[in-house]
Amino acid sequence: MTKATGNDRWLIGIDIDGTLVHDDGFLSPVVVEQVQRVRELGHEVIVATGRSAANAIPVVRDVGIQHGISICSNGAVTVEVDPAHERGFTTREVITFDPASVLRELIEHLPEAHFAVEDIDGSYRFHRPFPAYALGDLNHETPLEDLMAHPVSRIVVLSPNHEVDEFTALISRVGLQSVSYAIGYSAWLDIAPAGVNKASALEVQRAALGINPAQVITIGDGHNDVEMFEWAREGGGLAFAMGQAPEAVKARATAVTAAVEDNGVAQVLAGFEGILFTREA
């Protein structure tokens, strides 16, 4: 087997939840096999997730990536996988912003919501409880006003009393201008520094690796994957939406693969040589 080098290498950016893993956290061995196969061909696979680094690294390791870069917190945090470190990673970059004005505006419109912030060390502070799996391994409860005390890499908003459509409309009316944000399947809002998303972080890695913009594949299922879909397509690359993704997300992709339960990521990667052949032709 000849490994790809130099201009022959591709970058594949893959989301975690609903893409690599099922809703219950199951990671299919077929997906792991295909990720490893493409990596062994010499290509770069980078996990790009909304999860915190602490919650992302176990999946990154399970998929077989023991060294390399992972993009977390929707692009605000870039880490290097480090099996020797007690947390399994070392931090490469954290992009922060002042949360005070955004939080005040959101609190005015969502007084019953649960708010949390991610600090520069990857820990979280929250003022009302979040689901156990939602925040990183280091988190603690604090008064609401303390969430505004200093710059953070992310604000997380959970509003259990709202349906997704209602929540989306409300956030649109708030008009968040100085930040980037993405709404999840539930009434869940991730807020990052302005201009920061999975695409911006992946572009930094693509440039550093010297990979042709047209030799990029992104795979995801959520609204926070749309920017990396558009980034891939604008550079001449490919974007695959998972089969269970919302229609608005599918519309921004190049193509739709199978749902996560049917190993959509594995199907894309199993066809990798076909993609190469088509491009060469």
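Read the figures in this text as sums done on the coordinates, not as results from a lab. Fair warning: this is a prediction, and the values are worked out from it, not measured in the lab. All Cβ positions, even for glycine, are placed from backbone atoms using ideal geometry, and neighbour counts span all protein chains on display.
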Return the residue satisfying two criteria in turn: it lies in segment 240-281 and is surrounded by fewer than 23 Cβ atoms within 10 Å (Cβ to Cβ) and in contact with a Lys or Arg (Cβ under 9 Å, 6 or more places away or on another chain), and of such residues it is farthest from VAL30 (Cα to Cα).
ARG252
Return the residues of segment 204-237 that are within 21 Å of ALA4 (Cβ to Cβ), aliphatic (A, V, I, L, M) and touching a helix residue (DSSP H, G or I) at 6+ places or on another chain (Cβ under 6 Å); say none if nothing qualifies.
VAL216, ILE219
Expected output for segment 47-75 (first residue free of Cβ contacts under 8 Å to residues at least 60 places away in the same chain and farther than 25 Å from ILE191 by Cβ, partner of a type in the set (Asp, Glu) and part of a strand (DSSP E or B), Cβ below 8 Å, 6+ apart or cross-chain) is HIS67/GLU80; GLY68/GLU44; GLY68/GLU80
Can you confirm whether segment 38-51 contains a residue that is surrounded by fewer than 24 Cβ atoms within 10 Å (Cβ to Cβ) and more than 17 Å from LEU11 (Cα to Cα)?
no
So how many residues does segment 62-112 have that are loosely packed, with under 14 Cβ neighbours inside 10 Å, under 17 Å from PRO151 (Cα atoms) and polar (S, T, N, Q)?
1
Search result, residues across segment 55-81 that are touching a strand residue (DSSP E or B) at 6+ places or on another chain (Cβ under 7 Å) and either on the phi > 0 side of the Ramachandran plot or aromatic (Phe, Trp, Tyr) (or both)
GLY68, SER73, ASN74, GLY75
Hey, does segment 113-136 have a residue that's part of a helix (DSSP H, G or I) and loosely packed, with under 14 Cβ neighbours inside 10 Å?
no
Yes/no for PRO29 being under 16 Å from the mean Cα position of the chain (by Cα) and surrounded by fewer than 19 Cβ atoms within 10 Å (Cβ to Cβ)
no
